[in-house]
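Values quoted throughout were computed directly from the atomic coordinates according to the rules given, and no laboratory measurement underlies them. In this text the structure is predicted, and so the values were computed from the model without any measurement. In this analysis, Cβ positions are derived from the backbone assuming ideal geometry, glycine residues included, and neighbour counts consider all displayed protein chains.
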């Protein structure tokens with residue numbers, strides 16, 4: 001997920017805080033800071049984010065034919081395993097962030113029921129409107145060699 005431009009707006013921070021059930025007054029008002037995981041919402045500003053519905057496009061995530069995204073189909077299964085955030089400073093209302101993604105580490109481990117497990121890290125750096133680093137997000141996905149046998 002790479003947001004070409006991610007404006008941090010008061011209403012968005014408020015809605016995010018409400019959605020996670022956090023009444024901390026630091027998250028509300030024109031001088032608010034954003035909750036710790038807020039930068040994940042930047043995916044909605046990425047036009048190529050595969051989990052974002054597109055206006056007029058088919059959506060596989062709801063309705064009668066709900067199921068897995070076609071691009072995730074394969075012989076094994078995958079999931080998001082970990083997420084870590086390192087903050088240089090808080091994200092604040094009024095910031096305009098840009099994100100750049102780069103590959104991180106990749107490693108393997110032998111699983112007991114699904115064969116080889118492949119772990120892949122992605123590092124996303126969020127910079128503010130002045131080019132200063134604000135947040136580094138590290139996500140780890142894991143894919144199995146084959147589906148778990150029942």
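For the chain, the longest principal axis of the C-alpha atoms and the axis of helix 10-19 are separated by about 50°.
For the ranges 122-133, 103-114, what's the packing order if you count other beta-carbon atoms within 10 Å of each residue, average per peptide, and put the highest first? It would help to have the intermediate numbers written out before the result.
Working: 122-133: 15.2, 103-114: 11.0.
Sorting 122-133, 103-114 by mean packing, highest first, produces 122-133, 103-114.
Using C-alpha pairs under 8 Å with a sequence gap of at least 6, the mean separation divided by the residue count of the chain gives a relative contact order of 26 percent.
Sorted ascending by nearby beta carbons within 10 Å, beginning with the fewest, 31, 95, 46, 22 become 31, 22, 46, 95. Here the chain is treated as a Stokes sphere of Kirkwood radius computed over C-alpha pairs; at 25 °C and 0.890 mPa s its diffusion coefficient rounds to 141 µm²/s. For the range 1-49, pairs of C-alpha atoms spaced more than 19 angstrom apart make up 25 percent of the total. With each label modelled as a point 7 angstrom along the Cα→C-beta vector, the residue 50-residue 12 pair spans 2.4 nm.
Projecting the alpha carbon convex hull of the range 90-150 along each direction and taking the average yields 5.8 nm².
What does the extension gain come out to for residue 105 and residue 136, with contour length at 0.36 nm per residue minus their alpha carbon separation?
Numbers: separation 31, 0.36 × 31 = 11.16 nm, distance 1.48 nm.
Full extension from residue 105 to residue 136 adds 9.7 nm.
Paramagnetic label reach from residue 129 (point 7 Å along Cα→Cβ; backbone nitrogen cut-off under 11 Å): within the range 83-107, residues 93-97.
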